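So the structure is just underneath, and the comments pick up after that.
The values are calculated or read from the model by the stated rules, or taken from the named source; none is laboratory data. Quantities reported herein were computed from a predicted structural model and do not represent experimental measurements. Note that we place each Cβ from the backbone using ideal geometry, even for glycine, and neighbour counts take in every protein chain shown.
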Amino acid sequence: MKGKWIAVVFIVVAAIAVLVWADAATTTVYFNTPSTVSFTITLPGEAAATTPTADIEFNSTDTSATKINATVTNAGDAQTDVVPIFTYTNTGNVGIKITLLFGAALPAQVKVKAGLNNSAWQTWCNESILYDARHNDCAFVNDTQAATVANISVAGTEEVWLWADYTVYPGGSSTSRTLTHTSLAT
């Protein structure tokens, strides 16, 4: 019996020794989803695309005109009171804002404006930001500061209207500029 007690005491002492000499370590575990910032653009009469397959233009027979609607080049599909020139869809997994910026200066006689609905056109617009569709704001789109034209939640869409105002733009003029659409995570 004495031998059994010695064995039990030995096992208990060994178990305590393991507990006393036990060590601990911690590991931080991260659960990640990379941000995907992406969008498509749809123009009137065109399919949604990450890069539009059509160009747009502003046409007027008057050298001085305001609120000239954008038209899809060579297609005749135009922005109207109810049809925007651009419909953006957020295809990423985070909210985004869309900015517009021309690649070079516009002719001095041309001003381009953007709005979130057809009634957003105004004689004078904000310098490069649309605040909210409820305010009927418009923003100038130029080559010096990116104009924020939309804030879009995940899987959301936003419609944007563009207009040109001509101030004594010479007859027979034809100028083109590259317009860059950029998305940024919000």
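Listed values, structure above:
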read-out: Given (1) more than 19 Å from the chain's Cα centre (by Cα); (2) farther than 18 Å from Thr87 by Cβ; (3) at pLDDT below 90, index of the condition Ser119 fails; value: (2)
read-out: Tabulated pairs, region 92-105, first touching a residue at least 40 places away in the same chain (Cβ under 8 Å) and among the aromatic types (Phe, Trp, Tyr), second in a strand (DSSP E or B) and surrounded by fewer than 17 Cβ atoms within 10 Å (Cβ to Cβ), C-beta under 8 angstrom, 6+ apart or interchain; value: Phe102/Thr180
read-out: Verdict on Ser38 being surrounded by 11 or more Cβ atoms within 10 Å (Cβ to Cβ) and within 18 Å of Lys113 (Cα to Cα); value: no
read-out: Residue list for region 144-186, filter: under 18 Å from the mean Cα position of the chain (by Cα) and part of a loop (DSSP other than H, G, I, E, B); value: Gln145, Ala146, Ser153, Val154, Ala155, Gly156, Thr178, Thr186
